[in-house]
Amino acid sequence: MVRVLATGTFDILHPGHLLYLSKAKSLGDELYVIVARDSMIKHKPKPIISETQRLAMVKALSIVDKAQLGSEEDIFEPLCLIKPDIVALGKNQFFDEKKLESELKGHGINARVVRIQSFEQCELCSSAAIIRKIIERYAKSS
């Protein structure tokens, strides 16, 4: 049984998220997803949607076997419990594959890191694009 782990913020679910998770699921038998905690997101603006709501949305996806919130202290903590065989990174996630593999090994996790190269190309295939569109639309109407 090959266990695949995907991680992300998943703010405002969109087709890009679905493609990432579908490709991740295709790498193994079980797909585990860690939804980032608000307190741990430091590389981009904080999410619009609460972490509990983002988790509920990810859990509702049929391709996801198990989803949980990440740790508020150590991003590797839940990985030690999940013990993934593969960690799938999205095309635009900021992790360096080799460095992450090394850090995983340092935590006793012998997982292969795979970068999903597919990327959904559409006008509203990112949370930022959706937010910009909402702002644009409502700024015009006020």
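The table for this structure:
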read-out: Residue in segment 25-37 that is under 13 Å from the mean Cα position of the chain (by Cα) and over 19 Å from Val113 (Cα atoms) present; value: yes
read-out: Of all residues in segment 1-17 being within 20 Å of Gly70 (Cβ to Cβ) and aliphatic (A, V, I, L, M), the one that is surrounded by the fewest Cβ atoms within 10 Å (Cβ to Cβ); value: Leu13
read-out: Odd one out for Glu73, checked against (1) closer than 19 Å to Gln93 by Cβ; (2) modelled with pLDDT under 95; value: (1)
read-out: Near pairs, Cβ below 8 angstrom, 6+ apart or cross-chain, from segment 93-104 (without any contact (Cβ under 8 Å) to a residue 60 or more places away in the chain) to any residue that is in a helix (DSSP H, G or I); value: Leu104/Leu79
read-out: Boolean, Gln93 is part of a loop (DSSP other than H, G, I, E, B) and under 25 Å from Glu30 (Cβ atoms); value: yes
read-out: Only listed residue being under 14 Å from Leu5 (Cβ atoms), modelled with pLDDT of 90 or more and more than 15 Å from the chain's Cα centre (by Cα), chosen from Ala111, Ala88; value: Ala111
read-out: Some residue of segment 18-35 being part of a loop (DSSP other than H, G, I, E, B) and at pLDDT below 95; value: no
read-out: Scan of segment 30-49 for residues that are touching a helix residue (DSSP H, G or I) at 6+ places or on another chain (Cβ under 7 Å) and among the charged types (D, E, K, R), ordered by number; value: Arg37, Asp38, Lys46
read-out: Candidate set: segment 39-84, residues that are part of a helix (DSSP H, G or I), of a type outside the set (A, V, I, L, M) and in contact (Cβ under 8 Å) with a residue 40 or more places away in the chain; chosen: the one surrounded by the fewest Cβ atoms within 10 Å (Cβ to Cβ); value: Pro78
read-out: Filtered residue count, segment 96-110, keeping only those that are assigned to a helix (DSSP H, G or I), of a type in the set (A, V, I, L, M, F, W, C) and more than 24 Å from Leu18 (Cα to Cα); value: 1
read-out: Exclusive hit being at pLDDT 95 or above, touching a Lys or Arg at 6+ places or on another chain (Cβ under 9 Å) and among the β-branched types (Val, Ile, Thr), set Ile63, Ile116; value: Ile63
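The values are calculated or read from the model by the stated rules, or taken from the named source; none is laboratory data. Computed from a prediction, not measured in an experiment: that's the story for all the values here. For neighbour counting, all protein chains shown are included, and Cβ atoms are generated from backbone atoms with ideal geometry for every residue, glycine included.
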